[in-house]
Ligand code: GLA
Ligand code: ZN
C-alpha cells in the first residue's frame, strides 16, 4: 500500500485550478481580477497556474524587471486562499531578445533560422538563452521564496521540438564522441559502410535533414536520444536556482502523453511529480468508449514516467477546445467524467486550460472556466463548480497510490526505431495504436495497468505485456527471462526482438534474445492492407488478424491456436511456453481489443488476479487507488447510455450511500467507492 504526501505540503486536498493570465487584463484589472477571485471561490478553485508566458511583462526591456504586477497577483491569490503554480517563463521569449540575440531563435533542419513569433521555439544550447533563463528563474525564486501563495514550480511549458543550429550541431558531435569514443566505432554501430556513408571525422556529422542525411537509422536514433538529453539538461538548468532557493517547493514540467519527440521516461525521472495536458477528442456518442480508454492509457503512461507517484492533470478543457478539426461541446456529465477519470488513475489535481478566456488572439474561443459573459450562470461554469464540489468530497483519496499487478510496455526508443524501419506496412507501423489496443484488452477485462518502458523493473508484477518490442534495449531480454523464470507471465507479439539498441538486426533468427524464453522462431513476416485478413480460433471463438502477421515455428512452446487461411494455414497463431516457474506467450498477428480482452482476462485469472469488477459491460472502465484511508474503486461509464454493473459491497464516497450488487450507471456517471 502506498500513501504519498500531498503535492503541496500545506494543501492536503485535491488541487482544482488552471492556467490563468491576469497580466492580459492589466487595463481592466480592478474589475476583472475581482470577478476572477469571486468566481474562483464559487467554483471551488484552490490553485491557479500563473506566469506561463509572462516574460515580456516581467522583463519588458533587457535587464529591466517589473515584478510589481506579479506581486499583486501573488498577494491576491494568497488573500483568497489560492495556491500558485508559478511558471518559469521560458516557453516564449520577448521580442527584444530575438532582435538583439538571433542565436536564441531555432534553426530548422533545412538550415533556416526561424523569425520571432510563436512559442516553444528557443535554442536549448544558446548560452545567451540559458543565461537569460537562469537570471529570470533566479529572480523569481528569490522574490517569491517566502510568499504564502507559492505552491509549485511549473517549468516552462510543453517542452518540444528541436534545433539544428551550429551550436546544437557542436553539442551533438560532443555527445556522439562521449557515446562512441572513436569514429570507427560510430561507423560500425550505424552500419555506415552502406552507401559509402563512413565518416572519417566527427566534424563531418550533421543532424538528420531532408537536405542531407535522413535515411541513416543510427543517426536518426542518436539525434532523438540527443534531443531528449537536451531537454533533460535544459530542465536541470532551469530548476537549479529553484531547487537551491526553494528546496521544499516541488517542480514539474507539463508533458504531452505520447509526444514522440522526447523520451518521457528520461525526462520524467527528473520531475518531482509528472504533469500532463489532457485533451480527449470527446465525440458525445458511443465512440467515447474508445476516447475514454485512450485517455486512461495516457493517464497511466504519464503516471508511469515519474515512478507511479500521484500526478497532475495540468491542463484539460472545461468545454470545446479551438484547435481540433471539429470542436465539440461536452455533453453534460463529460466534464465530471474527464476530471474524475484523472483522479481515478492517480491524479491529485484537476486543472484546466484555461481559467479565463482572453479577449483577443488565437485562444480567445478556447474553452475556459470563465467565459466572455463573466457569468456564473452558464452551463460550463456550473459544471466546473460541480467538479470542485466533488473533489472536496474525495479528500480521503488524496495521495493514495495505485497497486497494479499488470504492466504494459510503451517504449519511446523502440517506437523511434520502429517508425523509422522500412518493411511490411510503411504507411503506419501502428505502435501506439497497438499498445493502446493491448491496454484496452486488460482495461475492458476489468484490470488496472501500469505503463512502463523496457528499462523498468519487472519484478513486482504478475503479468508483463510487451507488444511489438522490435528493439530490445540493453538488459531487457535478461529481465524478461528472470521475470518468467521466477513465475511471471510475459506476453510478446509479432515484430519482437529484431534489433539491438543501435538498431542492428539480431543474427541467428528472430525474436533474437527472446527466442529462448518465448520458445518460438519467427521465420517470416507479412503485411496486409485493410481488405486482407487471416483468422484463428481460440477457446471456441474465431478472431481476425489484420495488418501484420508472423509465420512462426513453435520450438519449445505449446501451440494454442493455428492460423486458418491461405498459405499461412497451419502456422501457430498463439503459443504458450512454460519457462522456469512462469509462462511466456506469443501472439503472431495483430488482433483487436475483443480478442485481447478475452485472452488477457483468461491469463489474469490463471495468474490468480481477479478483475476489479466482474463482467464489465463495454464502455465501463474501472481503477483503484489504495492509501492510508482505504481502498477506493472508481467505476466510470464512459458512454451516453445506461450500463448495469455488479458492484462489490462498498460506500459511495461523495454521497455516503451504501452500495453493492447490481447498479445501473447513468450516461457518463462516475462512482468513487470505498471498499468494505
Ligand atoms: C497546450 C498549451 C496551452 C494551450 C492549450 C490549448 O496544451 O500548453 O498553453 O495552448 O494547449 O489547448
Ligand atoms: Zn540550437
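The values are calculated or read from the model by the stated rules, or taken from the named source; none is laboratory data. It should be emphasised that the depicted structure is a prediction, and the values quoted were computed from it without experimental measurement. Ideal geometry is used to build each Cβ from the backbone, glycine not excepted, and the neighbour counts take in all protein chains shown.
Structure summary
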| read-out | value |
| --- | --- |
| Check on residue 70, within 16 Å of ligand 2 (Cβ to nearest atom) and either in a loop (DSSP other than H, G, I, E, B) or crowded, with 18+ Cβ neighbours inside 10 Å (or both) | no |
| Set 529, 522, 516, 503: member being within 30 Å of the chain's Cα centre (by Cα) and either surrounded by 23 or more Cβ atoms within 10 Å (Cβ to Cβ) or closer than 29 Å to residue 605 by Cα (or both) | 503 |
| Selection from the range 455-476 of residues that are over 21 Å from the mean Cα position of the chain (by Cα) and surrounded by 24 or more Cβ atoms within 10 Å (Cβ to Cβ) | 463, 472, 476 |
| Number of positions in the range 131-155 that are within 16 Å of ligand 2 (Cβ to nearest atom) and either at pLDDT below 95 or touching a helix residue (DSSP H, G or I) at 6+ places or on another chain (Cβ under 8 Å) (or both) | 2 |
| Cβ pairs under 7 Å, 6+ apart, first in the range 161-177 and closer than 16 Å to residue 120 by Cα, second within 16 Å of ligand 1 (Cβ to nearest atom) and at pLDDT 95 or above | 161/261; 162/261 |
| Among (1) within 16 Å of ligand 1 (Cβ to nearest atom); (2) closer than 30 Å to residue 9 by Cα; (3) crowded, with 21+ Cβ neighbours inside 10 Å, the one test that residue 158 misses | (3) |
| Any hit, the range 526-535, residues being farther than 20 Å from residue 421 by Cβ and either out of contact with any strand residue (DSSP E or B) (no Cβ under 9 Å at 6 or more places or on another chain) or modelled with pLDDT under 95 (or both) | yes |
| Residue count for the range 192-212, restricted to those that are surrounded by 17 or more Cβ atoms within 10 Å (Cβ to Cβ) and more than 20 Å from residue 230 (Cα to Cα) | 1 |
| Of all residues making up the range 258-296, the number that are outside any strand (DSSP E or B), touching a strand residue (DSSP E or B) at 6+ places or on another chain (Cβ under 7 Å) and surrounded by 19 or more Cβ atoms within 10 Å (Cβ to Cβ) | 8 |
| Filter result for the condition that a residue is in contact with a helix residue (DSSP H, G or I) (Cβ under 6 Å, 6 or more places away or on another chain), more than 16 Å from ligand 2 (Cβ to nearest atom) and either modelled with pLDDT of 95 or more or under 22 Å from residue 637 (Cα atoms) (or both), over 346, 307 | 346 |
| Which numbered condition residue 128 misses (of (1) farther than 23 Å from residue 255 by Cα; (2) surrounded by fewer than 21 Cβ atoms within 10 Å (Cβ to Cβ); (3) more than 16 Å from ligand 2 (Cβ to nearest atom)) | (3) |
| Single unsatisfied condition, residue 232 versus (1) under 23 Å from the mean Cα position of the chain (by Cα); (2) free of Cβ contacts under 8 Å to residues at least 40 places away in the same chain; (3) within 15 Å of ligand 2 (Cβ to nearest atom) | (3) |
| Residue in the range 240-257 that is farthest from ligand 1 (Cβ to nearest atom), counting only those that are crowded, with 18+ Cβ neighbours inside 10 Å and in a helix (DSSP H, G or I) | 241 |
| Residue in the range 223-239 that is within 16 Å of ligand 1 (Cβ to nearest atom), at pLDDT 95 or above and in contact with a strand residue (DSSP E or B) (Cβ under 7 Å, 6 or more places away or on another chain) present | no |
| Residues of the range 633-659 that turn out to be over 30 Å from the mean Cα position of the chain (by Cα), farther than 23 Å from residue 293 by Cα and surrounded by fewer than 19 Cβ atoms within 10 Å (Cβ to Cβ), as a count | 7 |
| Some residue of the range 42-61 being within 16 Å of ligand 2 (Cβ to nearest atom), in a loop (DSSP other than H, G, I, E, B) and free of Cβ contacts under 8 Å to residues at least 40 places away in the same chain | no |
| Extreme residue, surrounded by the fewest Cβ atoms within 10 Å (Cβ to Cβ), among residues of the range 103-121 that are within 11 Å of ligand 2 (Cβ to nearest atom) and without any contact (Cβ under 8 Å) to a residue 40 or more places away in the chain | 114 |
| Residues located in the range 549-566, provided they are closer than 14 Å to residue 523 by Cα and either assigned to a loop (DSSP other than H, G, I, E, B) or over 34 Å from the mean Cα position of the chain (by Cα) (or both) | 553, 554, 555 |
| Selection within the range 164-186 - over 17 Å from residue 218 (Cα atoms) and within 9 Å of ligand 2 (Cβ to nearest atom) | 164, 165, 166, 167, 168, 171 |
| Residue match in the range 393-406 (condition: more than 17 Å from residue 625 (Cα to Cα) and either more than 16 Å from ligand 2 (Cβ to nearest atom) or not in a loop (DSSP other than H, G, I, E, B) (or both)) | no |
| Search result, residues across the range 356-366 that are touching a helix residue (DSSP H, G or I) at 6+ places or on another chain (Cβ under 7 Å) and assigned to a loop (DSSP other than H, G, I, E, B) | 358 |
| Residue list for the range 614-650, filter: over 12 Å from residue 673 (Cα atoms) and either free of Cβ contacts under 8 Å to residues at least 24 places away in the same chain or not in a loop (DSSP other than H, G, I, E, B) (or both) | 620, 621, 627, 637, 643, 644, 645, 646 |
| Pick from the range 42-66, criterion within 16 Å of ligand 1 (Cβ to nearest atom) and touching a strand residue (DSSP E or B) at 6+ places or on another chain (Cβ under 7 Å), ranking: farthest from residue 313 (Cα to Cα) | 51 |
| Odd one out for residue 210, checked against (1) part of a loop (DSSP other than H, G, I, E, B); (2) in contact with a helix residue (DSSP H, G or I) (Cβ under 7 Å, 6 or more places away or on another chain); (3) away from ligand 2 (no atom under 14 Å from the Cβ) | (2) |
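A quick yes/no check of all residues on (1) out of contact with any strand residue (DSSP E or B) (no Cβ under 6 Å at 6 or more places or on another chain); (2) in contact (Cβ under 8 Å) with a residue 40 or more places away in the chain; (3) closer than 30 Å to residue 482 by Cβ:
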residue: 545; (1), (2), (3): no, yes, no
residue: 560; (1), (2), (3): no, no, yes
residue: 584; (1), (2), (3): no, yes, yes
residue: 601; (1), (2), (3): yes, yes, yes
